[in-house]
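Right, one structure below, let's go through it.
FYI, it's all coordinate maths here, none of it is from the lab. The model shown is predicted, which means the values in this text are computed figures rather than measured ones. Here the Cβ is made from the backbone with ideal geometry for all residues, glycine too, and neighbour counts use every protein chain on show.
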Amino acid sequence: MGGVGVSYKLTDDPLVLAGRTFKSRLFVGTGKYSTFALMKEALEASGAEVVTVAVRRVDLSKRSGESLLAYIDTKRFMILPNTAGCYSAEDAIRIAHLGREAGLSNWVKLEVIGDEKTLFPDTDALLTATKVLVKDGFVVLPYTNDDPIMARKLQDAGAAAVMPLGAPIGSGMGIQNPANLRIILETVTVPVVVDAGVGTASDAAVAMELGCDAVLMNTGIAGAADPVAMAESMKLAVESGRLAFKAGRIPKKLYASASSPFQGISR
Amino acid sequence: MTLEINGEVRVIPPVSNLLELLAYLETGQDRIAVEINQQIIRRKDWETTPVQELDRVEIVQFVGGG
């Protein structure tokens, strides 16, 4: 990578996760859109190949409602069911199994939530559920915190990636602990996907500049005033951040270092 | 017969198996998963799995989420 005549190309560097290859390093959620049609447009603009969905009871009172999946081309987008709303390992394990049973994927975005206000993960329960689901044949992508020790434990438990939060889900606060993300990147060998807290393009770019392998977001796009424009923005930000990371940035210096030569100044 | 379906107690005309129940409820068959009394019932077993009085049935689907 780098060198005379050899410049890094995004297209030569796909994301490899659990044995599958992805051109896009942006994963997006399908929640919080005002209409399914808007969601469909935003998903397309994002360039994402992986989209998350939640598992919920069928509303039996609505005989012919609109269905989410009618707006998602499952040949183009890989469906990643989540276990959102689960506060125990047992619940998450159950929902993961139901999600798999609905027939689209044995991948699961594993969430075991510890607290309603912050939606931070219950890492104890998360680890337990990860072990069980790995044994049950799932490809487990756990939503975790920014603790490198936890990341290592999840990897050892067989997680296919680790997904540390940037900031609380839906908070838009960006990457709150870049130092820890860097340490997590040094600690694990599985892909690191920043999941949660991305609010605008620069947040996604920062995550990728740190060296993260991908970014997952929902509210950052769906909650924007113009979700389709924001989806495109995030697509560009993730690509831009990855390019910057691979291009090798200049170091930060306290003092200036002139860009133009000292010699030949005309006086 | 009386069943608890998706958390609601309902009285419905008798059905003998899960496939019949789903047909009565008009859920369609695609992209859903079903539990009876906390056991997932595989799709291939829907027709042969009986539905009994006071069974707790959960029928789930994919919805938007992050």
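Sort the following peptides by mean Cβ neighbour count (other Cβ atoms within 10 Å, averaged over residues), highest first: B:25-33, A:250-258, A:221-229. It would help to have the intermediate numbers written out before the result.
Details: B:25-33: 15.6, A:250-258: 5.6, A:221-229: 17.6.
Peptide ranking by packing, descending: A:221-229, B:25-33, A:250-258.
Placing unit charges on C-beta atoms (Lys and Arg positive, Asp and Glu negative, everything else neutral), compute the dipole magnitude of the protein assembly as shown about its Cα centre in debye, rounded to 20.
On the way: 34 positive and 39 negative charges, 274 e Å.
Once rounded to the nearest 20, the dipole reads 1320 debye.
For the range A:13-54 and the range A:217-267, what is the centre-to-centre distance using only Cα atoms, to the nearest Å?
Spelled out, the Cα-based centre of one part sits 23 Å from the other.
Quick one: of A:LYS109/A:LYS135; A:LYS32/A:LYS246; A:LYS75/A:LYS109; A:LYS40/A:LYS109; A:LYS109/A:LYS235, which pairs are farther than 25 Å apart, Cα to Cα? Don't skip to the answer; put the middle values down first.
Working: A:LYS109/A:LYS135 16 Å; A:LYS32/A:LYS246 33 Å; A:LYS75/A:LYS109 20 Å; A:LYS40/A:LYS109 21 Å; A:LYS109/A:LYS235 21 Å.
Long pairs (Cα-Cα over 25 Å): A:LYS32/A:LYS246.
Give the order of A:PHE22, A:PHE262, B:PHE62 when sorted by the count of other beta carbons within 10 angstrom, beginning with the fewest. Before the final figure, lay out each step's value.
Details: A:PHE22 18, A:PHE262 6, B:PHE62 26.
In increasing order of surrounding Cβ atoms, one gets A:PHE262, A:PHE22, B:PHE62.
Would you mind getting me the FRET efficiency between A:LYS75 and A:GLN263? Use the beta-carbon distance for r and R0 = 56 Å, nearest 0.05. Intermediate results must be reported in sequence, preceding the final value.
Numbers: r = 61 Å, r/R0 = 1.09.
Once rounded, the FRET efficiency stands at 0.35.
So if we plug the beta-carbon distance of B:ARG56 and A:ILE149 into 1/(1 + (r/R0)^6) with R0 = 41 Å, what FRET efficiency do we get, rounded to 0.05?
Details: r = 40 Å, r/R0 = 0.97.
The pair B:ARG56/A:ILE149 has a calculated efficiency of 0.55.
Tilt of helix A:178-187 relative to the longest C-alpha principal axis of chain A, in degrees (0 to 90, nearest 10)?
So the helix axis and the longest Cα principal axis differ by about 80 degrees.
Would you order A:SER240, A:SER260 from fewest to most other beta-carbon atoms within 10 Å of each residue's own beta-carbon?
Values: A:SER240 17, A:SER260 6.
Result, fewest neighbours first: A:SER260, A:SER240.
When ranked by the protection proxy of mean other Cβ atoms within 10 Å per residue, highest first, what sequence do the peptides A:105-117, A:198-210 form? Write down the numbers at each step before the final one.
Values: A:105-117: 20.2, A:198-210: 23.3.
Ranked by mean Cβ neighbours within 10 Å, highest first: A:198-210, A:105-117.
If the only charges are +1 at each Lys and Arg Cβ and -1 at each Asp and Glu Cβ, what is the size of the charge dipole of the range A:17-68 around the Cα centre, to the nearest 20 debye?
Charge dipole of the range A:17-68: 200 debye, to the nearest 20.
Using a/c under 1.5 as the rounded threshold, could you call the range A:1-136 rounded, prolate or oblate? The axes a ≥ b ≥ c are square roots of the C-alpha gyration tensor eigenvalues, and prolate needs a/b larger than b/c, oblate otherwise. All intermediate terms of the calculation are to be shown ahead of the outcome.
Values: a/c = 2.09, a/b = 1.30, b/c = 1.60.
It is oblate, given that a/c is not under 1.5 and a/b is not larger than b/c.
Kindly express, to the nearest 10 degrees and within the range 0 to 90, the angle between helix A:227-247's C-alpha long axis and the longest C-alpha principal axis of chain A.
So the inclination is approximately 50 degrees.
Using Cα centres only, tell me the gap between the range A:102-163 and the range B:1-53 in whole Å.
Rounded to whole Å, the Cα centres lie 31 Å apart.
So for the range A:144-267, considering every pair of alpha-carbon atoms, how many percent are separated by more than 18 Å? Present the calculation step by step, with values, prior to reporting the outcome.
On the way: 4310 of 7626 pairs.
That fraction is 57 percent.
Quick check on the exposure proxy: order A:MET230, A:MET217 from fewest to most C-beta atoms within 10 angstrom. Intermediate results must be reported in sequence, preceding the final value.
Values: A:MET230 23, A:MET217 33.
The fewest-first ordering by Cβ neighbours comes to A:MET230, A:MET217.
Given A:LEU38, A:TYR71, A:GLY264, which one lies farthest toward the positive end of the charge dipole of chain A, if we put +1 on the Cβ of every Lys and Arg and -1 on the Cβ of every Asp and Glu?
The one lying farthest along the dipole's positive direction is A:GLY264.
Work out how much length A:ASP136 to A:TYR255 would gain on full extension: take 0.36 nm times their residue separation and subtract the Cα-Cα distance, in nm to one decimal.
37.2 nm
Taking R0 as 22 Å, what's the FRET efficiency between B:GLU4 and A:TYR87 from their Cβ-Cβ distance, rounded to 0.05?
Values: r = 22 Å, r/R0 = 0.99.
Rounded to the nearest 0.05, the efficiency is 0.50.
Which value at 222 nm does chain B reach when only helices count, each DSSP H run of 4 or more adding -39,500 (n - 2.57), with the total divided by all residues and rounded to the nearest 500 deg cm²/dmol?
Numbers: 1 runs with 8 residues, N = 66.
Result for chain B, helices only: -3000 deg cm²/dmol.
Stokes-Einstein diffusion coefficient for chain A at 25 °C in a medium of 0.890 mPa s, Rh from the Kirkwood formula over Cα pairs: what value in µm²/s? All intermediate terms of the calculation are to be shown ahead of the outcome.
Numbers: Rh = 19.4 Å.
Here the translational diffusion coefficient equals 126 µm²/s.
Only bridges with both residues in chain A count here: give the DSSP antiparallel percent, nearest 5. Please report the intermediate quantities before stating the final value.
On the way: 4 of 25 bridges.
Just about 15 percent of them are antiparallel.
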